[in-house]
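Bear in mind these aren't lab numbers, they're just calculated from the coordinates by the rules spelled out. Just so it is clear, the model here is predicted, and its values are computed rather than measured. Reconstructed Cβ throughout: ideal geometry from the backbone, glycine too, with neighbour counts over all protein chains shown.
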Amino acid sequence: MTNLIVTAYCACKLCCGLHAHGVAANGKPPVEGKTCATNGWPFGTRLHIAGIGTRVVTDRTAKKYNGRVDIYIANHHRAKQFGRRKLTITLLK
């Protein structure tokens with residue numbers, strides 16, 4: 001278990017930059033309630049995020065966000081409302 005900053009993103013250009021195309025770094029579309037992005041663990045790693053639930057690493061954050069977990073939320077407004085939270089992350093096997 002570790003405490004990390006957790007943020008949220010959607011697949012829009014505001015969240016993902018000018019090259020947003022609705023596909024995660026693993027080549028598949030992100031799925032709300034399942035997808036998270038981080039640079040700390042390999043694709044397929046399952047993380048339990050306290051108060052959020054289990055997410056699977058299928059995307060990557062920008063290097064400037066190393067050390068954080070970004071959960072996918074399909075709606076930009078809801079992603080922004082999520083904000084920035086420090087939550088307990090448990091690596092699942």
Pair list, Cβ < 7 Å and 6+ apart or interchain, from segment 18-32 residues that are on the phi < 0 side of the Ramachandran plot to residues that are small (Gly, Ala, Ser): Ala20/Ala11; Pro29/Gly22; Pro30/Ala11; Pro30/Ala24; Glu32/Ala74
Complete set of residues in segment 58-93 that are assigned to a strand (DSSP E or B), of a type in the set (D, E, K, R) and surrounded by 14 or more Cβ atoms within 10 Å (Cβ to Cβ): Asp59, Arg68, Asp70, Arg85
